[in-house]
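Have a look at the structure below before the remarks.
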Amino acid sequence: MHISCTEEVSLAANAHEADELHAGLVAEQTWISPKFLYDALGSKLFEAICELPEYYPTRTEAAIFARHGAEMARVAGLGSTLVDLGAGNCAKAASLFPLLQPAQYVPIDISSEFLCDALVRLRQRFPHIAMEGLGMDFSQRFELPPQVREERRLFFYPGSSIGNFTPEEAQGFLRRLRAQCGDDGGVLIGVDLAKDKATLDAAYDDALGVTAAFNLNVLRHVNHLIGADFDIRAWRHHGFYNAARGRVEMHLEALRRQEVRWNRGGRVFEAGDCIHTENSYKYQQADAIALLERSGFEATRVWTDPQRWFAVIHAQA
Ligand code: AVI
């Protein structure tokens, strides 16, 4: 069967990515966008994170889907165009296929190589579902190509990836999503809820060091993308809950003074300098609903776990 994987992402950085990386690396408070965490190895490391005992979001969300999936399908409706945002290995959406019975499945991921591999396997398991994989960064702009059916688009955005945007960015993103929904579409979204600091610190700095490897791998990816010469051994991972800002932050700290060069520039990092690589906002349930409503969605339904650690929300366009 023909496998359609439209790739917009090549292995070297495109001009926009190169500009963004350069701007972040020369900024006074250095930053690298979290989207660069996801090359092929980064996606595999993220898969491993999802297996960790400390990383509660994946299993908590899976339990919510297992318990309430049938009701979610009744609320969201059958036969939709299921657009899976940040699909990764496509496993979460695939587990809902029997309930949602999508007419078309459109997984989108910035890690196109990883997505293509997953799609090959998925097409064999579900030959009756039309599939169109898209390798693209959907975080900034959002236009679906004509091969994506316009009827009854259900955007599937699990895993609390919305938390990797600031609340302002999240609203802009959800508005763009709303504009692509048509009148009969909607969104099924996973949101991680605020909880105690110890649980959050452990989830983002696990004992095995998988999250550390995931974070450090961004330097390896940046080396590849813009010809940089980061020495990965000279950096250390930090992941912790910043309660005042309502978010988990990931940073990489320089272990010694070093000069790093890349194809368009370079800079000296002093020991202790940090590169900010990710935020993961944790929401109050009411704030998440308000965010969806401000973005133009309505008629929300919420399912959560007994500890109220995670929420899955359906919002109608
Ligand atoms: C993909 N995203 C929702 C994860 C999160 O929890 O913010 C990424 C992650 N970063 C460290 N561990 C997992």
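Residues in the stretch 236-250 that are open to solvent by less than 40 Å² (accessible area, probe 1.4 Å) and aliphatic (A, V, I, L, M): 248, 250. Only one residue in 130, 91, 103, 87 is small (Gly, Ala, Ser), open to solvent by 10 Å² or more (accessible area, probe 1.4 Å) and within 18 Å of residue 35 (Cβ to Cβ), so which one is that? Matching residue, one of 130, 91, 103, 87: 87.
For beta carbons closer than 7 Å, sequence separation of 6+ or different chains, a first residue in the stretch 39-54 that is closer than 13 Å to residue 115 by Cβ and open to solvent by less than 70 Å² (accessible area, probe 1.4 Å) and a second that is aromatic (Phe, Trp, Tyr) and more than 10 Å from the ligand (Cβ to nearest atom), the qualifying pairs are 40/114; 43/114. When residue 208 is tested against (1) away from the ligand (no atom under 14 Å from the Cβ); (2) open to solvent by 50 Å² or more (accessible area, probe 1.4 Å), just one condition goes unmet, and that condition is (1). Among residues of the stretch 205-221 that are of a type in the set (S, T, N, Q), those with a beta-carbon under 7 Å from a residue that is open to solvent by 20 Å² or more (accessible area, probe 1.4 Å) at least six positions away or on a different chain give the pairs 211/205; 217/41; 217/45. Taking the numbered list (1) open to solvent by 30 Å² or more (accessible area, probe 1.4 Å); (2) out of contact with any Leu (no Cβ under 8 Å at 6 or more places or on another chain); (3) assigned to a strand (DSSP E or B) in turn, residue 267 passes all entries but (2). If you check residue 233 against the conditions, is it in a helix (DSSP H, G or I), of a type in the set (Lys, Arg) and open to solvent by 30 Å² or more (accessible area, probe 1.4 Å)? So residue 233 fits the description; yes.
Taking the stretch 283-303 as the range and being at pLDDT 95 or above, surrounded by fewer than 22 Cβ atoms within 10 Å (Cβ to Cβ) and either charged (D, E, K, R) or more than 20 Å from the chain's Cα centre (by Cα) (or both) as the test, the residues that pass are 286, 287, 290, 293, 294, 296, 301, 302, 303.
Taking the condition open to solvent by 60 Å² or more (accessible area, probe 1.4 Å) and either free of Cβ contacts under 8 Å to residues at least 60 places away in the same chain or closer than 28 Å to residue 37 by Cα (or both), does residue 139 pass?
Values: open to solvent by 60 Å² or more (accessible area, probe 1.4 Å): no; either free of Cβ contacts under 8 Å to residues at least 60 places away in the same chain or closer than 28 Å to residue 37 by Cα (or both): yes.
Taking the combined requirement at face value, the residue does not satisfy it.
Number of residues in the stretch 232-289 that are under 23 Å from residue 199 (Cβ atoms), of a type in the set (S, T, N, Q) and in contact (Cβ under 8 Å) with a residue 12 or more places away in the chain equals 5.
The values are calculated or read from the model by the stated rules, or taken from the named source; none is laboratory data. In this text the structure is predicted, and so the values were computed from the model without any measurement. All Cβ positions, glycine included, derive from the backbone under ideal geometry; neighbour counts span all protein chains shown. Ligands, DNA and RNA are excluded from the accessible area calculation, which covers all protein heavy atoms including side chains. Shrake-Rupley method; radii C 1.70, N 1.55, O 1.52, S 1.80 Å.
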